[in-house]
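Here's the structure we're looking at; comments come further down.
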Amino acid sequence: MAARLCARHLPPVWLCRRAAQGQGRHYRAALCAELKHPLITEEVASRPVGPQEVRVDVHFCGINFADILVCRGQYQEKPPLPFIPGIEFSGAVLETGTDVSTVKKGDRVIGVSNFNAMAEECITDQKTLWRIPENVSLQDAAVLPVSYGTAILALEHRARAQPGETVLVTAAAGATGLAVIDVATNVLRAKVIAAAGSDEKCKLAMQRGAQSSVNYSQGSLKDAVKKLVGSAGVNVAIDMVGGDVFLESLRSLAWEGRIVVLGFAGGNIASLPSNLLLLKNISAMGLYWGRYQHQDFALFSKSMSSALQYCQQGLIRPHTGAVFELEKINDAFHHVMQRKSTGKVLLSLK
């Protein structure tokens with residue numbers, strides 16, 4: 001499957017002109033017309049906004065693994081074909097529905113959507129938009145929703161990380177890993193050990209605020225952490241890798257330590273040795289940030305507002321790893337799949 005999306009095997013992305021000129025407004029979008037095939041860039045027709053909806057002129061759209069999975073048919077949500085991927089974006093309000101009261105035309109906003117953001121325009125419910133402070137750029141704002149929303153809920157809500165505690169973060173040079181480092185170090189004033197799979201990624205994590213780093217491709221993560229903090233262990237671990245890295249992170253925890261599972265980038269899901277939870281009074285928990293949008297919207301919204309506030313105050317510094325134009329969407333997907341980027345990968349619609 002990966003080979004099908006590999007850039008060197010793909011035909012150039014083509015632009016399909018609309019069949020009927022003059023029938024309303026049209027805009028360009030990245031379209032998944034067939035699962036497990038390259039995306040196409042096509043002009044699609046605008047539709048009217050509903051009473052609670054807002055039309056946004058999209059400037060940047062974040063690219064996430066969820067976008068790649070949904071285009072393969074491997075995500076839990078399976079939108080009908082054809083569909084436009086993309087779940088987070090920044091832009092400016094073009095039009096509001098009759099009952100919209102939270103934003104107005106011209107407002108700069110970030111938002112989340114249900115797979116329709118990789119386009120020049122996006123229509124979404126007013127409650128899934130947040131106004132961007134004047135001193136925050138549209139590019140920086142586009143990095144915030146998924147990565148920083150996840151980092152904030154993982155550290156503040158689930159792990160309850162405290163100032164002075166030690167936080168171990170795996171996949172530390174990825175978009176969410178860097179967000180965890182940023183929030184833990186600069187907002188919560190915790191000490192961060194960044195764990196990544198190469199010296200280059202460890203170096204970036206240190207530059208972005210980690211106090212120390214571990215390259216877990218070169219040996220035992222547990223042993224390396226023990227050399228850094230001693231036998232006491234770390235207070236919090238945020239894991240996005242799974243498998244052996246998760247198990248070594250778990251074994252690196254201190255008494256009453258907390259580990260939060262954010263994903264399984266390594267491809268393996270480890271079995272949890274529950275005896276370790278008992279011996280050290282450890283708490284193991286998961287975080288699926290997007291689920292809060294439906295289960296606890298107030299908390300979900302707070303994570304977004306907090307991210308914008310921290311950015312406005314200069315406490316955090318969102319990091320963009322790469323920016324691709326819309327016509328290069330398949331190259332962008334390949335870039336993300338190959339884990340070439342450190343930080344958030346964005347699609348530019350302007």
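The values are calculated or read from the model by the stated rules, or taken from the named source; none is laboratory data. Remember, predicted model here, so these are calculated numbers, not experimental data. No Cβ is skipped: glycine too gets one built from the backbone with ideal geometry, and neighbour counts run over all protein chains shown. These area figures cover heavy atoms from the full protein model, side chains too; ligands, DNA and RNA do not enter into them. Shrake-Rupley method; radii C 1.70, N 1.55, O 1.52, S 1.80 Å.
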Seminar exercise, completed: Looking only at lysines whose Cα falls under 18 Å of Lys127's and that sit 8 or more positions away or on another chain, we get Lys104, Lys105, Lys302
Problem set entry | Hits among lysines - C-alpha to C-alpha of Lys226 under 18 Å, sequence gap 8 or more where chains match | Lys191, Lys280
For this session: Return the Cα extents of the range 220-329 along principal axes one, two and three, sorted largest first, each rounded to a whole Å.
Result: 48, 35, 29
Exercise. Per the 1.4 Å probe, what fraction of the accessible area of the chain, in percent, lies on carbon and sulfur atoms?
Worked result: 50 percent
Exercise. So which residue, out of Pro273, Pro38, Pro85, gets the largest mean-square fluctuation from a GNM of the chain using Cα contacts under 10 Å as springs?
Worked result: Pro273
Exercise. Which residue, chosen from Leu278, Leu228, Pro80, occupies the Cα position most advanced towards the positive end of the dipole of the chain, where the dipole is computed from +1 (Lys, Arg) and -1 (Asp, Glu) charges on Cβ about the Cα centre?
Worked result: Leu228
Problem set entry | Surface per residue (accessible, 1.4 Å probe) for the chain, Å² | 44 Å²
For this session: Note down the magnitude of the dipole of the range 48-153 about its Cα centre, charges +1 on Lys and Arg C-beta and -1 on Asp and Glu C-beta and zero elsewhere, to the nearest 20 debye.
Result: 140 debye
Seminar exercise, completed: Once the in-chain neighbours fewer than 8 apart are removed, the aspartates and glutamates whose Cα is under 14 Å from Lys222 read Asp239, Asp244, Glu248
Problem set entry | In order through the range 225-235: 3J(HN,Hα) via Karplus (6.51 cos²θ - 1.76 cosθ + 1.60), integer Hz, x for Gly, Pro | 5, 4, 5, 7, 10, x, 6, 5, x, 9, 7
Exercise. Rounded to the nearest 500 deg cm²/dmol, what is the calculated helix-only ellipticity per residue at 222 nm for the chain, with -39500 (n - 2.57) per DSSP H run of length n ≥ 4?
Worked result: -7500 deg cm²/dmol
For this session: Return an integer: the convex hull volume of the alpha-carbon atoms of the range 12-140, in Å³ per residue.
Result: 119 Å³
For this session: May I ask for the angle, rounded to the nearest 10°, between helix 297-312 and the longest principal axis of the chain, with both axes built from Cα atoms and the value confined to 0 to 90°?
Result: 90 degrees
For this session: May I ask for the equivalent-ellipsoid semi-axes of the range 159-286, computed as the square root of five times each C-alpha gyration tensor eigenvalue and listed largest first in whole Å?
Result: 20, 16, 13
Exercise. Averaged over all directions, how much area does the convex hull of the C-alpha atoms of the range 116-220 cover when projected, in nm²?
Worked result: 8.6 nm²
For this session: Would you mind working out the magnitude of the charge dipole of the chain relative to its Cα centre, with +1 at each Lys and Arg C-beta and -1 at each Asp and Glu C-beta, to the nearest 20 Debye?
Result: 440 debye
Exercise. From the backbone phi of the range 152-165, what are the Karplus-calculated ³J(HN,Hα) couplings (6.51 cos²θ - 1.76 cosθ + 1.60, θ = phi - 60°) in whole Hz, Gly and Pro given as x?
Worked result: 5, 5, 5, 7, 7, 8, 7, 7, 6, 4, 10, x, x, 6
